[in-house]
Amino acid sequence: MNPAIYNTLTRKKEELAPSTDTFRMYCCGPTVYGPAHIGNFRTFIVQDALRRTLECAGLKVKHVRNITDVDDKTIRESRKLGVTLKEFTAKWEKKFHEDCKELNMLAPTAEPRATEHIRQQIEMIGKLIENGHAYVAKDGSVYFKIASFDDYGKLSGIDREHMSTQSVNSAGEANNADEYERESVSDFALWKARRPEDGDNFWQAPWGEGRPGWHIECSAMSKEYLGDTFDLHGGGIDLCFPHHENEIAQSQCSTGHAPYVRYWFHSAHLMVEGAKMSKSLGNLYTLDDLLAKGYTPAQIRYALLSGHYRQQLNFTFKGLDDAGSALAKLRKAIDGALERAKMGEEDFKKLIAPKKDFEGTAFEPAWNAMCDDLNIPRALGEIFSALGKLGEGSVKDLKALGSILFALGIDVFEAQTEKQADIPAEIAEMAQARWDAKKSRNFALADELRQKLTALGWSVLDGKDGFEVKKI
Ligand code: AMP
Ligand code: ZN
């Protein structure tokens, strides 16, 4: 049996079977106009865990994730700074990759940029105009005619009765925004005619100068890298409508092939301390924000995976602390088992690999949970229940644990996990106070705290960006 997931399109849990020898999946990637926040990372990490689980199940996976490097936001921000769009987006793309690496995410098989696939987007729009699914408006923008596609709305279940077929709203304004609410469903922009505020950011199409709308890039690039029909498409739940609904319309009407995608995989949003994340509430966190508070990437990844992907996850600092304790417990159990099995850490690291040797092992229930709609919280619970069995030091169990850890992508060997596990809270606090004192040039206090720590049996070693506490 392959893993199963809930398919948004059929509203059923379905076993994932590739239609060719490779499982082809496409995930909507980041818009690179600033650092990604932990909500974005929840979605990307869940997708990474799905891919890893499929690989553990023995499937060959082709994972494509795009980079949105042209849209209203990227153009506006780059122009504000007076830099080229390329210069601006390259910086944030690099930062995104660094963050992904920290969070132990596998690099996608391909990561196409929208600006490097303008030709494919123009071709697709041309096809839609040619076959009557799209029309050129007076200003040179191009709109998709949703009345021309009977299946429009099936994925998200929007009410077709209330669909407008106009490209203008009741106020007579063109509806060419990339993102909009269900209430304003209407013909959407495939191409936006050049406007003064776009600056140099425009391309030449047969119907005039301008730039592609946001939705068309995913249709064009998924076709380029995965074909007219592929297996799975992922994104945060906010993308289900209109973005994914529009992708289906564009793709199926231009290629003539259906379905565009066989399984739709949507993850619910991340909330912070019970509230929607937003800059104005001061609860929008980036990876750097959390690292600066002393949390580790493995702890953050663990916390982001601790809720089921189809339920909203309430991210809390207590949740991060709990993730740290869970990781320390896991690490301790593994260290003990390795000792009994007379295995080194390096030997175990080799077992963290996509293998499917779970049958009859202590970790079979955890693997079954991973295959049951990617139920990671249940899998984590099963892992902890099975840790006791590691006492027998069975290599088979250690192998199975290695594979589950691969699927989760949680790095239990991250240096600080061990550190945090063994340092008593009062020592850690004292060491932090000493570091803070030193930073604020209060050397007398810093020295005093160091002496106290030494007397208690702990040494502190300062680095450029932080310190390390060790038992003397
Ligand atoms: P964006 O960079 O805005 O295009 O978003 C990248 C991905 O993050 C998309 O799949 C979004 O659906 C997802 N996303 C945005 N906000 C959140 C959130 N608060 N929680 C989870 N996923 C989110
Ligand atoms: Zn997309």
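The values are calculated or read from the model by the stated rules, or taken from the named source; none is laboratory data. What you are looking at is a predicted structure, and each value in this text was computed from that prediction instead of being measured. Quick reminder, even Gly has a Cβ in these numbers, built from the backbone with ideal geometry, and neighbours come from all protein chains shown. Ligands, DNA and RNA are excluded from the accessible area calculation, which covers all protein heavy atoms including side chains. Shrake-Rupley method; radii C 1.70, N 1.55, O 1.52, S 1.80 Å.
Only one of the numbered conditions (1) farther than 16 Å from Asn40 by Cα; (2) open to solvent by 70 Å² or more (accessible area, probe 1.4 Å) is violated by Lys101, and that is (1). Do you know which residues across the range 213-239 are within 16 Å of ligand 1 (Cβ to nearest atom) and open to solvent by 10 Å² or more (accessible area, probe 1.4 Å)? The answer is Trp214, Ile237, Asp238, Leu239. Residue check: Leu155 meets all listed conditions (1) within 16 Å of ligand 1 (Cβ to nearest atom); (2) open to solvent by 50 Å² or more (accessible area, probe 1.4 Å); (3) modelled with pLDDT of 95 or more but one, namely (2). The residues of the range 359-381 that are closer than 14 Å to Thr53 by Cβ and not in a loop (DSSP other than H, G, I, E, B), listed by number, are Ala366, Trp367, Asn368, Ala369, Met370, Cys371, Asp372, Ile376, Arg378, Ala379, Leu380.
Rundown of residues vs (1) of a type in the set (Val, Ile, Thr); (2) surrounded by fewer than 21 Cβ atoms within 10 Å (Cβ to Cβ); (3) without any contact (Cβ under 8 Å) to a residue 24 or more places away in the chain, yes/no style:
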{"position": "Asn368", "(1), (2), (3)": "no, yes, yes"}
{"position": "Pro377", "(1), (2), (3)": "no, yes, no"}
{"position": "Lys389", "(1), (2), (3)": "no, yes, no"}
{"position": "Leu401", "(1), (2), (3)": "no, no, no"}
{"position": "Ser440", "(1), (2), (3)": "no, yes, yes"}
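When each of Lys332, Lys356 is tested for being in contact (Cβ under 8 Å) with a residue 40 or more places away in the chain, open to solvent by 40 Å² or more (accessible area, probe 1.4 Å), more than 16 Å from ligand 2 (Cβ to nearest atom) and assigned to a helix (DSSP H, G or I), the lone residue that passes is Lys332. Being more than 16 Å from ligand 2 (Cβ to nearest atom), charged (D, E, K, R) and either more than 25 Å from Ser219 (Cβ to Cβ) or not assigned by TED's automatic domain parsing to the domain that holds Leu190 (or both) holds for only one residue in Lys91, Lys86, Lys62, and it is Lys91. Of the residues that make up the range 260-267, is at least one crowded, with 16+ Cβ neighbours inside 10 Å and out of contact with any strand residue (DSSP E or B) (no Cβ under 7 Å at 6 or more places or on another chain)? Yes.
Answer yes or no as to whether Lys349 is open to solvent by 70 Å² or more (accessible area, probe 1.4 Å), in the same structural domain as Gly409 (by TED's automatic domain parsing) and closer than 18 Å to Glu414 by Cβ. Here the answer is yes, as Lys349 does meet what is asked. Beta carbons closer than 8 Å, at least 6 apart along the sequence or on distinct chains, pair a first residue in the range 213-232 that is more than 23 Å from Arg195 (Cα to Cα) with a second that is within 16 Å of ligand 1 (Cβ to nearest atom) and small (Gly, Ala, Ser) for Met221/Ala114; Phe230/Ser222. In this structure, does Asn283 turn out to be without any contact (Cβ under 8 Å) to a residue 12 or more places away in the chain and either within 15 Å of ligand 1 (Cβ to nearest atom) or crowded, with 24+ Cβ neighbours inside 10 Å (or both)? Yes, satisfied.
Checking Ala110, Ala114, Ala49 one by one, the residue that is in contact with a helix residue (DSSP H, G or I) (Cβ under 7 Å, 6 or more places away or on another chain) and open to solvent by 10 Å² or more (accessible area, probe 1.4 Å) is Ala110 and no other.
The set of residues in the range 184-210 being away from ligand 2 (no atom under 16 Å from the Cβ), assigned to a strand (DSSP E or B), touching a residue at least 60 places away in the same chain (Cβ under 8 Å) and open to solvent by less than 10 Å² (accessible area, probe 1.4 Å) consists of Trp191, Ala205, Gly210. Remark: pairs (first residue in the range 250-274, basic (Lys, Arg); second residue within 9 Å of ligand 1 (Cβ to nearest atom) and open to solvent by less than 10 Å² (accessible area, probe 1.4 Å); Cβ separation under 9 Å; 6+ apart in sequence or on different chains) are absent.
Table: residues versus (1) within 15 Å of ligand 2 (Cβ to nearest atom); (2) under 22 Å from Gly227 (Cβ atoms); (3) out of contact with any Ser or Thr (no Cβ under 6 Å at 6 or more places or on another chain).
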site	(1), (2), (3)
Val32	yes, no, no
Ile45	no, no, yes
Glu102	no, no, yes
Ile125	no, yes, yes
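What is the residue count in the range 60-87 for residues that are under 24 Å from Met25 (Cα atoms) and open to solvent by 30 Å² or more (accessible area, probe 1.4 Å)? Result for the range 60-87: 2.
Residues in the range 41-76 that are more than 13 Å from ligand 1 (Cβ to nearest atom) and farther than 16 Å from Leu106 by Cβ: Gly58, Ile75, Arg76. The criterion of at least 3 residues that are in the same structural domain as Thr43 (by TED's automatic domain parsing) is met by the following strands (runs of 3 or more DSSP E) wholly inside the range 221-325: 230-236, 261-267.
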